[in-house]
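Peer 1: Right, I'll just put the structure down here and ask away after.
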Amino acid sequence: QRKIPSEIHDKLKWLKYVIFLVLLVTSFYSMELAEQLAEVEPFKTTFLVGVWNRSWPFVTFWVVLFAASLIVERPFCKSLCPLGASLAIPS
């Protein structure tokens, strides 16, 4: 696997904090909308519903993450995971 250049990684790592803040603010406005936006987590698609039982945007997102995982180590965890961002804030 390859490493992302540090300039790109330093910019991408802030994306998970933006996603977390969007989910947090949205949850105060509308829980239904926040639940829909929480679909950024690919694990529901992978393990609960099944990749081929979802609509094409979910499948496309999953395939892109899967392909990126073949090239880069843990791209979702490092760049997109709102749970990781929420746990990193207090630490």
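Peer 1: Restricting the range 18-52 to residues that are closer than 22 Å to Arg74 by Cβ, among the aromatic types (Phe, Trp, Tyr) and modelled with pLDDT under 85, which is most open to solvent (accessible area, probe 1.4 Å)?
Peer 2: Phe47
Peer 1: Shifting gears a bit: Does Gln36 qualify as being free of Cβ contacts under 8 Å to residues at least 60 places away in the same chain and of a type in the set (S, T, N, Q)? Lay out the reasoning, then the answer.
Peer 2: On the way: free of Cβ contacts under 8 Å to residues at least 60 places away in the same chain: yes; of a type in the set (S, T, N, Q): yes.
So Gln36 fits the description; yes.
Peer 1: Please note which helices (runs of 4 or more DSSP H) are completely contained in the range 15-91 and include at least 2 residues that are over 13 Å from the mean Cα position of the chain (by Cα). Working first, answer last.
Peer 2: Details: elements: 15-29, 31-37, 56-71, 75-79, 82-88.
Hits in the range 15-91: 15-29, 31-37, 56-71, 82-88.
Peer 1: Further question: Among the residues of the range 16-75, write down those that are of a type in the set (Gly, Ala, Ser) and either within 16 Å of Ser86 (Cα to Cα) or touching a Leu at 6+ places or on another chain (Cβ under 7 Å) (or both).
Peer 2: If the condition is that a residue be of a type in the set (Gly, Ala, Ser) and either within 16 Å of Ser86 (Cα to Cα) or touching a Leu at 6+ places or on another chain (Cβ under 7 Å) (or both), then Ser27, Ala34, Ala38 are the ones that fit.
Peer 1: Of all residues in the range 53-91, which are open to solvent by less than 70 Å² (accessible area, probe 1.4 Å) and either touching a strand residue (DSSP E or B) at 6+ places or on another chain (Cβ under 7 Å) or small (Gly, Ala, Ser) (or both)?
Peer 2: Ser55, Ala67, Ala68, Ser69, Val72, Ser79, Gly84, Ala85, Ser86, Ala88
The values are calculated or read from the model by the stated rules, or taken from the named source; none is laboratory data. Owing to the predicted nature of the structure, the values given are computational and were not obtained by experimental measurement. In this analysis, Cβ positions are derived from the backbone assuming ideal geometry, glycine residues included, and neighbour counts consider all displayed protein chains. These accessible areas exclude ligands, DNA and RNA; they are computed on the full protein's heavy atoms, side chains included. Shrake-Rupley method; radii C 1.70, N 1.55, O 1.52, S 1.80 Å.
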